[in-house]
1. Output the 0 to 90 degree angle, nearest 10, between the alpha-carbon long axis of helix 212-236 and the longest principal axis computed from the alpha carbons of the chain.
2. Work out Dmax and Rg for the range 140-353 from the C-alpha atoms and quote the Rg first, both in angstrom.
3. Give the aspartates and glutamates reachable from K236 as a straight Cα distance under 19 Å; neighbours fewer than 8 places away on the same chain don't count.
4. Between the range 148-219 and the range 226-284, what's the alpha-carbon centroid distance in Å?
5. Sort 249-259, 65-75 by the packing proxy (mean of other Cβ within 10 Å over each peptide's residues), most packed first.
6. Return one number: the angle in degrees, 0 to 90 and rounded to the nearest 10, between the long axis of the Cα atoms of helix 262-280 and the longest principal axis of the Cα atoms of the chain.
7. Counting pairwise Cα distances across the range 64-144, what percent come out greater than 18 angstrom?
8. May I ask for the angle, rounded to the nearest 10°, between helix 175-188 and the longest principal axis of the chain, with both axes built from Cα atoms and the value confined to 0 to 90°?
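Here, each number is a calculation from the coordinates, and none is a lab measurement. As the structure is a prediction and not an experimental result, all values here were calculated from the model. Here the Cβ positions follow ideal geometry from the backbone for every residue, glycine too, while neighbour counts run over all protein chains shown.
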Amino acid sequence: MSHAAVQDTPTPVPPPGGPGSLSQRSLPRWAPAGFALLGILVGVGIGTAAGLDSKVQWGLIAVIAFVVISYVVTSTVENQRQARDRLATSVVWVCFVLAVIPLFSLLWTTISRGIEVLDGYFLSHSMAGVPSAEVGGGVYHALIGTLEQVGIATVISAPIGLLTAVYLVEYGKGALARAVTFFVDVMTGIPSIVAGLFILSIMLMTEIKPSGLMGALALAILMIPVVVRSTEEMLKLVPNELREASLALGVPKWRTILKVVLPTAIGGITTGVMLAIARIAGETAPIILLVFGSQLINPNPFQGAQSSLPFYIFEQYKAGEVASIDRAWAAALVLIAFVMILNLVARGIARWKAPKTGR
């Protein structure tokens, strides 16, 4: 065959939608929502036809139908690569929904049960002289106890955690730094009851009476490793170029840390401290051991028994009366609101102190 004949031979063009085409068929953007709706309909239909009473079984059938329908339709319309990608995306969405449902269920139950009792009177009165079976009383004494105990724990643990993180990042080398890091990791996972037992042993040896301060010391033990770990990660994110520029100008290292490193990471450090506060605000075991609880308002955390929101919830629910259980749900709602406010404040500070980026 001549060279001219070879040049005149037309090049085969792949059919539209084939593997070599630039314009392959694709599903519309609303396809995942349609697959989900179809999966729900399949779950309801099979559950009704089979006479299944549990809605959980209906949900599992709908989830399986959603994943199968997504994969089959995508494989048919598009290709196997897109089908596998759709399958992975569907599994991620299913896991997300399965994780969110219990959280929303818990939040909805707490709000619906707690809102019946939560009002101004509940927030401004204590349980002094109110029997557990009677309606009335409030959470004021427990709220005061929580604010004081968490505040003392923060004053103790925040400086210790901050300075420990600065040592590990800026100075720590060798066996001592490795030992400190190891013990910080161990302390992060210790149960709260262990911290309470540690402070209780000290109280028994020194004959110290229960008080809010003892509970705050146990909470500080739980808070320190969280502050250390979060602060350490924030300090590692500070660019070394900033440190080198400051040291090149003859600034001492301690002043570089104080004037350059810490202000750069202050947003993340504050966020970590706020999240650590939110973590210890719901601890109950150390308070039961060390604070003992009280029905009266005790504004002095250094003397006498105190209460706290977690202890109040435990105490009221343990009573078993209708009125006390309602108060327990209302106190749980107050505690959730307290933790939520702390998280919102932490996010606001992080966004406020975040480095400004420009184009």
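1. 30 degrees
2. Rg then Dmax for the range 140-353, in Å: 19.7, 70.
3. K236 reaches E170, D185, E244.
4. 19 Å
5. Output ranking for 249-259, 65-75: 65-75, 249-259.
6. Once rounded, the angle reads 70 degrees.
7. The share of Cα pairs beyond 18 Å in the range 64-144 comes to 64 percent.
8. 90 degrees
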